[in-house]
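**Student:** Got a structure here, written out as structure tokens. Questions coming.
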Amino acid sequence: QVQLLESGGGLVQAGGSLRLSCAASGRTFSGYTMGWFRQAPGQERESLTAITWNGGNRYSAYYADSVKGRYTISRDNAKNTVYLQMNSLKPEDTAVYYCAASAARAGWDKGSQYDYWGQGTQVTVSS
């Protein structure tokens, strides 16, 4: 059982930045793939990025084309927390952002492979 809690969402102007946090409680956080997804009104859930821990201080990160170069994912296993740094935000980034955890290391962009989900945090980007 893993519980996830997102924070850091809010209202920001286009071109601005936000950092989202996802705090995890429960077992085996370090062994999970941690991902970020978003869902805008009337649209399907979209995978954004994910990160795995490869032992020691080695990590692998993956990004969707829509956010590559603007978003950065990181994790701090000691704090059981994953972060999403979002820069150069655009109005089309407006959505509810979800943190998710998967016991699998493959299929990072497949929501169906994630076992646990946070409640979501709203990000609104205005012009």
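The values are calculated or read from the model by the stated rules, or taken from the named source; none is laboratory data. All values derive from a computational prediction rather than experimental measurement. Every residue, glycine among them, receives a Cβ derived from its backbone with ideal geometry; neighbour counts consider all protein chains shown. For the accessible areas, the whole protein counts, side chains as well, though only heavy atoms, and no ligand, DNA or RNA atoms are used. Shrake-Rupley method; radii C 1.70, N 1.55, O 1.52, S 1.80 Å.
**Student:** Could you grab me the full set of residues in the stretch 96-112 that are loosely packed, with under 15 Cβ neighbours inside 10 Å and polar (S, T, N, Q)?
**Tutor:** The one that is loosely packed, with under 15 Cβ neighbours inside 10 Å and polar (S, T, N, Q): SER112.
**Student:** For the stretch 60-85: of the residues being basic (Lys, Arg) and surrounded by 14 or more Cβ atoms within 10 Å (Cβ to Cβ), which is farthest from ARG105 (Cα to Cα)?
**Tutor:** Restricting attention to the stretch 60-85, the residues satisfying the condition of being basic (Lys, Arg) are 68, 70, 75, 79.
Okay, now just the ones that are also surrounded by 14 or more Cβ atoms within 10 Å (Cβ to Cβ), so 70, 75.
Numbers: ARG70: 24, ARG75: 15 Å.
My answer is ARG70.
**Student:** Here's something else I'd like to know. Among the strands (runs of 3 or more DSSP E) confined wholly to the stretch 1-95, which include 1 or more residues that are at pLDDT 95 or above and closer than 20 Å to TYR116 by Cα? If you could, list the steps in order and put the result at the bottom.
**Tutor:** Working: elements: 2-7, 10-13, 18-26, 33-39, 46-53, 59-63, 71-76, 81-86.
Here the list reads 2-7, 18-26, 33-39, 46-53, 59-63, 71-76, 81-86.
**Student:** Tally the residues that are open to solvent by less than 50 Å² (accessible area, probe 1.4 Å) and polar (S, T, N, Q), restricting the search to the stretch 1-55.
**Tutor:** Number of matching residues: 7.
**Student:** Six or more apart or on different chains, Cβ atoms under 7 Å: show the pairs whose first residue is in the stretch 103-122 and without any contact (Cβ under 8 Å) to a residue 12 or more places away in the chain and whose second is outside any loop (DSSP other than H, G, I, E, B) and of a type in the set (S, T, N, Q).
**Tutor:** Close Cβ pairs (under 7 Å, with a partner that is outside any loop (DSSP other than H, G, I, E, B) and of a type in the set (S, T, N, Q)) amount to GLY107/GLN113; GLN113/SER102.
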